[in-house]
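J.: Below are the structure tokens for one structure; questions will follow.
The values are calculated or read from the model by the stated rules, or taken from the named source; none is laboratory data. Since the model is a prediction, treat every value here as computed from it, not as a measurement. Here the Cβ is made from the backbone with ideal geometry for all residues, glycine too, and neighbour counts use every protein chain on show. Each accessible area value is taken on the protein alone, full model and side chains, heavy atoms only, with ligands, DNA and RNA left out. Shrake-Rupley method; radii C 1.70, N 1.55, O 1.52, S 1.80 Å.
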Amino acid sequence: MQIIQSVNEMQSHAIGLRSSGRLIGLVPTMGCLHEGHLSLIDIAKEKTDKVIVSIFVNPTQFGPSEDYDKYPRELEQDLEKCRDRGVDIAFTPSVAEMFPQDYSTYVKEEHISAGLCGISRPQHFQGVTTVCLKLFNLTRPDIAVFGRKDAQQCAVVKKMVRDLHLPTEIVIGPTLRDADGLATSSRNVYLSPVQREEALNISKSLKIAKDMVDSGTRSVDRVVAEVTHHLAHSRRIRVIYVNVVDRERMELARTIEPGKQLLCVAAWADQTRLIDNIEL
Ligand code: AMP
């Protein structure tokens with residue numbers, strides 16, 4: 001496995017790969033890799049000839065009072081996991097090269113980014129789209145693989161690709177969960193055993209919603225109320241939002257149409273912000 005730090009080297013290497021006819025797959029990550037990330041690598045490997053994993057904790061997608069400084073960084077273990085999984089190139093640029101002092105250009109998607117996480121994290125998706133466009137320019141991917149766990153991110157990046165005519169296909173992998181149902185996340189390392197136990201109520205509440213829909217409930221209000229009620233029992237959980245939205249535009253649904261919508265939840269487990277969703 002090649003490890004590339006320099007942005008210029010990454011770009012000229014990717015251009016070379018493309019001109020030799022290789023299909024490039026990119027898996028963008030912020031590191032602290034877990035099984036969810038590795039499942040996306042497997043998808044990229046299946047679909048392309050050369051898999052690039054970027055590992056970059058992107059400062060522009062964190063708000064001023066968020067966890068950028070304490071976000072877990074485990075580069076050596078990450079590189080080992082990438083090597084074991086058959087990644088061809090790990091791209092690990094520095095903040096200084098990606099966002100130098102005089103950096104001043106941002107990409108902003110204005111509709112899909114506005115609701116859900118966009119309400120409590122107003123700069124977040126601009127940081128995501130900006131870094132994704134930069135990573136796409138540097139790695140020239142035929143496909144880029146993202147995880148459904150970050151459903152709004154998937155929709156925003158897909159929209160950016162469409163709006164800006166980017167020659168990259170966005171592929172979405174399913175949410176990977178630990179055996180107890182908790183969606184794997186780099187932020188799970190923040191959770192104490194007690195917090196983790198309470199955080200499990202998030203995936204449990206999604207399951208309750210799914211069961212309600214499977215047994216015929218079509219009222220969004222009833223499903224949202226039930227999920228909110230379930231989460232209210234956990235002392236350490238504070239709900240940020242519970243919404244039923246359509247998958248592409250992330251617009252609030254009026255009635256449930258099975259197979260077309262997602263129930264999305266964001267909640268604090270004490271100081272840890274967690275998100276999860278389920279297809280209804
Ligand atoms: P992150 O490192 O958290 O920025 O995530 C990098 C990529 O991994 C994003 O496309 C995420 O949606 C995806 N991802 C994170 N957690 C999971 C999971 N549990 N299952 C599948 N993909 C995930």
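J.: Identify, from the list S54, S20, the residue that is crowded, with 22+ Cβ neighbours inside 10 Å and polar (S, T, N, Q).
T.: Only one candidate passes the filter, namely S54.
J.: So if I check each of P100, P174, which one is more than 23 Å from Q77 (Cβ to Cβ), surrounded by fewer than 20 Cβ atoms within 10 Å (Cβ to Cβ) and without any contact (Cβ under 8 Å) to a residue 60 or more places away in the chain?
T.: Result of the check over P100, P174: P100.
J.: Give segment 130-157 a look and list any residue that's under 20 Å from I24 (Cβ atoms), away from the ligand (no atom under 12 Å from the Cβ) and part of a helix (DSSP H, G or I), or say none. Before the answer, list the steps.
T.: Kept after step one, since they are under 20 Å from I24 (Cβ atoms), are these residues of segment 130-157: 131-147, 154, 157.
Subset that is away from the ligand (no atom under 12 Å from the Cβ): 133-134, 136-143.
Selection gives L133, K134, F136, N137, L138, T139.
J.: Here's something else I'd like to know. So which residues in segment 62-88 are open to solvent by less than 40 Å² (accessible area, probe 1.4 Å) and either under 22 Å from I143 (Cβ atoms) or more than 19 Å from the chain's Cα centre (by Cα) (or both)?
T.: Once the filter is applied, which keeps residues that are open to solvent by less than 40 Å² (accessible area, probe 1.4 Å) and either under 22 Å from I143 (Cβ atoms) or more than 19 Å from the chain's Cα centre (by Cα) (or both), segment 62-88 yields D78, L79, C82, G86, V87.
J.: Residue under question is S104, and the condition is that it be away from the ligand (no atom under 13 Å from the Cβ), among the small types (G, A, S) and within 30 Å of Y241 (Cα to Cα); does it hold?
T.: no
J.: Among residues belonging to segment 181-228 that are assigned to a loop (DSSP other than H, G, I, E, B) and open to solvent by 70 Å² or more (accessible area, probe 1.4 Å), point out the one that is farthest from Y241 (Cα to Cα). Reasoning before the result, please.
T.: Initially, segment 181-228 is screened for residues assigned to a loop (DSSP other than H, G, I, E, B), giving 181-182, 184-185, 191-192, 215-218.
With the extra rule that they be open to solvent by 70 Å² or more (accessible area, probe 1.4 Å), the set shrinks to 215, 218.
Values: S215: 24, R218: 19 Å.
By that ranking, first place goes to S215.
J.: Moving on. Take segment 21-57 and flag every residue that is more than 10 Å from the ligand (Cβ to nearest atom) and more than 15 Å from P141 (Cβ to Cβ).
T.: The one that is more than 10 Å from the ligand (Cβ to nearest atom) and more than 15 Å from P141 (Cβ to Cβ): D42.
J.: Would you point out the residue of segment 162-171, among those that are in contact (Cβ under 8 Å) with a residue 12 or more places away in the chain and not in a loop (DSSP other than H, G, I, E, B), that is farthest from A199 (Cα to Cα)?
T.: D163
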